[in-house]
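The values are calculated or read from the model by the stated rules, or taken from the named source; none is laboratory data. Please read these numbers as outputs of a predicted model, since none were measured by experiment. All Cβ positions, even for glycine, are placed from backbone atoms using ideal geometry, and neighbour counts span all protein chains on display. The accessibility values were calculated without ligands, DNA or RNA, using every heavy atom of the protein model including side chains. Shrake-Rupley method; radii C 1.70, N 1.55, O 1.52, S 1.80 Å.
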Amino acid sequence: HDMWLTFTEDGRNAGWGSTYHNKRNVKFQSGLKGHICYITAWRSGPTLFFPSPGWRRAYGQIGGLGSCGNYHTSTPSTDGTVNCFHIHAQDALLTFESSNHYTRRAFAGPIRCVRDVDD
């Protein structure tokens, strides 16, 4: 998840709610249905675009289309979960989502396909 640490002011989860909006190095683009994330400086310079494809809950409900991006890593976490990067419209940016139902492996989201390096 290190690649996502520049998307917040201090490299930590920006959290939920309007009080965290100014800590995000990201702009939500409703017309584009996604987020523009600055990668080299605070709200300036080169950007990456993360679409907001939404997600599918384990029981089949679709949610967050066009406003929410939930990107799973290829690395499993504990208790049947995954590590993930979660952008939620203007409400949240969690570079390392670890405590919500979005992390369940049955909670479908795009996967960042990377190879883990063995030590």
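The table that follows gives values for the structure above.
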quantity	calculated
First in region 27-40 and under 16 Å from His86 (Cα atoms), second anywhere and basic (Lys, Arg) and open to solvent by 40 Å² or more (accessible area, probe 1.4 Å), Cβ under 9 Å, 6 or more apart	Lys27/Arg43; His35/Lys27; Ile36/Lys27; Cys37/Lys27; Tyr38/Lys27
Residues being open to solvent by less than 30 Å² (accessible area, probe 1.4 Å) and among the hydroxyl-bearing types (Ser, Thr, Tyr) - total across region 60-70	0
Subset tally (residues that are surrounded by fewer than 12 Cβ atoms within 10 Å (Cβ to Cβ) and over 14 Å from His86 (Cα atoms)) for region 1-10	1
Every residue from region 41-59 that is modelled with pLDDT under 80 and surrounded by fewer than 14 Cβ atoms within 10 Å (Cβ to Cβ)	Ala58, Tyr59
All positions within region 60-99 that are at pLDDT 80 or above and not in a strand (DSSP E or B)	Gln61, Gly64, Leu65, Gly66, Ser67
Pair list, Cβ < 6 Å and 6+ apart or interchain, from region 49-65 residues that are of a type in the set (D, E, K, R) to residues that are modelled with pLDDT of 80 or more	Arg56/Ile62
Matching residues, region 18-40, being small (Gly, Ala, Ser) and modelled with pLDDT of 80 or more	Gly34
Qualifying residues in region 20-40 (those that are open to solvent by less than 40 Å² (accessible area, probe 1.4 Å) and in a strand (DSSP E or B)) - the one farthest from Leu65 (Cα to Cα)	Tyr38
